[in-house]
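For reference, the structure is listed below as structure tokens.
The numbers here are math on the coordinates, done by the rules we state, and not lab data. All of these numbers come straight from a predicted model, not from anything done at the bench. Glycine also receives a Cβ, built like all others from the backbone with ideal geometry; neighbour counts cover every protein chain displayed.
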Amino acid sequence: MEKKSIQRKSNNNYKFSILKSPLLYIHIPFCDSKCNYCAFNSYTNLNHLKKDYFEAVKKQFLHDIEKFKVKEFETVFIGGGTPSTMPLPFYEKLFKLLEPFLKNTKEITIESNPNASYEWLKNIKNFGVNRISFGVQSFNGEKLKFLNRNHSSKLAINTILNAKKAGFENINLDIIYATVLDNYELLKNDLKIIDSLPVTHLSAYSLMIEENTKWEGDYSKRKDDEELEIWFIKEIKKRFKQYEISNFGKPCLHNLAYWEHKEYLGIGSGAVGFIKSKKCKVKNENFRYYTQTDVNKYIKNPTHYVYEYLTDNDIKKEKVLLGLRSITGFEEDILNKEEKKRVEILINENKLFKKESKIHSNDFLLADALSAYIIE
Ligand SMILES: C[S@@+](CC[C@H](N)C(=O)[O-])C[C@H]1O[C@@H](n2cnc3c(N)ncnc32)[C@H](O)[C@@H]1O
Ligand code: SF4
């Protein structure tokens with residue numbers, strides 16, 4: 001996420017009133033192998049730090065729930081990196097720590113590579129996790145090698161079936177498209193396999209060429225074939241209802257809450273948290289806080305944060321953009337008179353519609369352009 005506003009190191013002098021039911025994100029910065037396209041905060045050569053990671057996570061968690069006075073979490077998301085690279089004793093300790101805060105938690109998601117063992121899946125389910133997200137990317141062997149994934153199509157199918165057998169009712173697959181290897185035949189075959197699996201949700205991402213990845217600057221790895229992409233998304237929509245640009249199926253409550261701009265704690269190396277100003281008694285400021293991305297440094301000092309302060313206008317812009325990218329929409333009364341007039345124009349052009357007090361988009365793909373037009 002772009003850090004666009006003023007950054008300061010500390011807000012330790014502020015006092016916070018009770019954060020009623022925020023979201024919790026926990027970052028696991030370890031992977032078994034590094035995918036060619038991936039710029040996430042994840043490392044393959046730091047396995048020796050896994051043992052110390054829990055103590056650091058615990059220290060930060062206890063610090064944050066005390067600082068922000070948290071009593072319970074609405075949803076939890078354990079993401080990465082690759083959470084399935086962490087052994088079961090890590091999660092046993094983690095869920096013991098989280099248990100008092102999970103009494104009313106509606107959804108606990110974990111990301112996993114599609115090579116997790118049945119034993120790992122079964123135990124994770126028993127710890128209370130009720131949604132699993134597999135980084136499958138494709139079921140085509142050649143494409144998996146091209147992306148530098150360390151699983152085969154067969155192993156992925158087996159792992160997804162095992163997740164169902166272990167009791168998971170909510171199963172997501174991450175799929176990457178618009179790579180140079182994609183064509184109708186390959187994607188049709190992926191869809192056919194998806195049709196045969198107990199999947200409730202798809203996240204379909206168009207390949208992005210990112211900085212600090214093996215593919216940095218190499219756009220030959222992408223294929224810009226608009227017709228193929230439109231066809232693929234249409235096929236996905238026949239199977240799963242679209243509720244955000246890249247997301248289809250039974251909505252992930254954690255992501256919906258992000259897009260509704262709810263508050264969240266960010267725990268772990270490279271995690272981000274977000275707190276609204278009304279919780280902060282001394283100064284009226286909204287802020288995000290960032291932990292250290294260097295895992296060694298995080299372990300030494302897990303409560304060293306960099307704060308990004310956001311103005312009310314920053315928040316308004318985000319609410320409009322995130323609301324138009326998804327089914328969440330945004331409350332019309334956050335807009336001023338001029339902005340409301342521009343919304344009316346877009347409603348007349350059939351680009352937006354109003355439902356109760358909220359404004360929604362007819363086409364999530366236009367979100368960037370529409371939000372830039374509404375808030376100049
Ligand atoms: C945090 S990552 C993945 C979780 C897990 N580590 C995995 O890969 O199995 C979430 C998803 O983002 C998507 N992703 C990551 N980098 C991407 C890129 N450069 N372009 C498109 N999608 C990307 C992948 O589909 C990936 O599964
Ligand atoms: S896509 Fe997932 S498995 Fe691959 S390097 Fe990134 S975080 Fe790790």
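So what is the calculated 222 nm ellipticity per residue for the chain, using -39500 (n - 2.57) for each DSSP H run with n of 4 or more, over all residues, to the nearest 500 deg cm²/dmol? Working shown, then result.
Details: 12 runs with 130 residues, N = 376.
-10500 deg cm²/dmol, from helical runs alone.
Pop the C-beta distance of ASN104 and GLU344 into the FRET formula with R0 = 45 Å and round what comes out to the nearest 0.05. If you can, show how the numbers build up before the last one.
Details: r = 40 Å, r/R0 = 0.88.
Computed FRET efficiency for ASN104 and GLU344: 0.70.
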Could you give the nm distance between label points at TYR205 and GLU332, where each point is 7 Å from its Cα heading toward the beta carbon?
3.6 nm
Using a simple spin-label model with points 7 Å from Cα along the Cα→Cβ vector, what separation in nm is obtained for GLU226 and ASP195?
2.9 nm
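For the stretch 320-376, what does the alpha-carbon gyration tensor say about shape, rounded, prolate or oblate, given a ≥ b ≥ c as the root eigenvalues, a/c under 1.5 as rounded, and a/b over b/c as prolate? Walk me through the numbers on the way to the answer.
Working: a/c = 1.28, a/b = 1.15, b/c = 1.11.
Verdict is rounded for the stretch 320-376.
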Cα-based shape type of the stretch 281-376, given that a ≥ b ≥ c are square roots of the gyration tensor eigenvalues and the cut on a/c is 1.5:
prolate
Cut-off is 10 Å between beta-carbons; in what order do GLU229, GLU92, GLU338 appear when sorted fewest neighbours first?
GLU338, GLU92, GLU229
Cross-link table LYS96/LYS241; LYS316/LYS341; LYS58/LYS103; LYS319/LYS340; LYS20/LYS122; LYS164/LYS250, entries beyond 25 Å C-alpha to C-alpha
LYS96/LYS241; LYS20/LYS122
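Using a 10 Å cut-off around each Cβ, can you sort GLU308, GLU344, GLU318 from fewest to most neighbouring Cβ atoms? Walk me through the numbers before you get to the answer.
Working: GLU308 21, GLU344 12, GLU318 18.
In order of increasing Cβ crowding within 10 Å: GLU344, GLU318, GLU308.
Under 8 Å for C-alpha pairs, at least 6 residues apart: give me the relative contact order for the chain, rounded to a whole percent. The partial results should precede the final answer.
Values: 693 pairs, mean separation 70.6, N = 376.
Contact order relative to length: 19 percent.
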Global form of the chain, assessed from the alpha-carbon gyration tensor, a/c cut-off 1.5
oblate
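Given Cβ point charges of +1 (Lys, Arg) and -1 (Asp, Glu) and nothing else, what value in debye, to the nearest 20, does the dipole of the chain about its Cα centre take?
Details: 60 positive and 50 negative charges, 278 e Å.
Computed about the Cα centre, the dipole is about 1340 debye.
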Would you mind ranking SER269, SER361, SER326 by Cβ crowding within 10 Å, fewest neighbours first?
SER361, SER326, SER269
Compute the distance from the alpha-carbon center of the stretch 325-364 to that of the stretch 37-74, in whole Å.
38 Å
What are the residues whose amide H is under 5 Å from the amide H of VAL70, where those residues sit 5 or more places off or on another chain and H is modelled from the backbone?
LEU19
The stretch 294-316 versus the stretch 108-129: alpha-carbon centroid distance in Å:
29 Å
